[in-house]
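No value in this document is a laboratory result; all are computed from the given coordinates. Note that the coordinates shown come from a computational prediction; the quantities given were computed from them, not determined experimentally. Cβ sites come from the backbone with ideal geometry, for glycine too, and all protein chains shown count toward neighbours.
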Amino acid sequence: MFAGYWGRPQATVDANQNLWFHTGDLGRFDKEGFFFFIDRKKDYLRRRGENISSMEVENTFHQHEAVAEFACYGVPSEVGEDDVQVSIVLRENVSIRESDLCIGL
């Protein structure tokens with residue numbers, strides 16, 4: 001077990017409940033009993049009443065050959081909840097249009 005979050009004693013207390021450490025990881029078991037990681041509960045985005053997994057969005061951008069690095073996160077929306085924003089770093093010597101990133105979206 002770890003000693004706690006560095007400089008965040010309340011976060012350490014919040015993560016430890018009923019003698020268990022709660023990671024906030026979300027997953028599912030398939031029919032054969034294999035566990036699949038879905039996302040971190042704190043990383044879920046809520047947009048227009050729908051829960052969106054940041055990991056699923058990032059996996060989509062991971063498939064694009066022009067993308068070197070990326071991150072998906074929520075930003076405040078004028079309509080409430082979050083809007084989804086993705087920051088992307090392209091591979092060297094690559095130039096694309098924004099519409100080229102709309103694969104499978």
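Going by neighbour counts of Cβ atoms within 10 Å, the residues Leu101, Leu45 line up, fewest first, as Leu101, Leu45. Computed over the chain with a Gaussian network model linking Cα atoms closer than 10 Å, the most mobile of Phe61, Phe70, Phe36 is Phe36. Across the stretch 71-77, rounded Karplus estimates of 3J(HN,Hα) from the backbone phi angles (6.51 cos²θ - 1.76 cosθ + 1.60, θ = phi - 60°) give 8, 10, 7, x, 10, x, 9 Hz, Gly and Pro being marked x.
Given a cut-off of under 8 Å on Cα pairs at least six residues apart, what relative contact order in percent is computed for the stretch 1-42?
On the way: 32 pairs, mean separation 10.5, N = 42.
Normalised by residue count, the contact order of the stretch 1-42 is 25 percent.
The loop-placed trypsin sites (Lys or Arg not before Pro) in the stretch 34-83, going by DSSP, that have at most 16 neighbouring Cβ atoms within 10 Å of their Cβ come out as Arg48.
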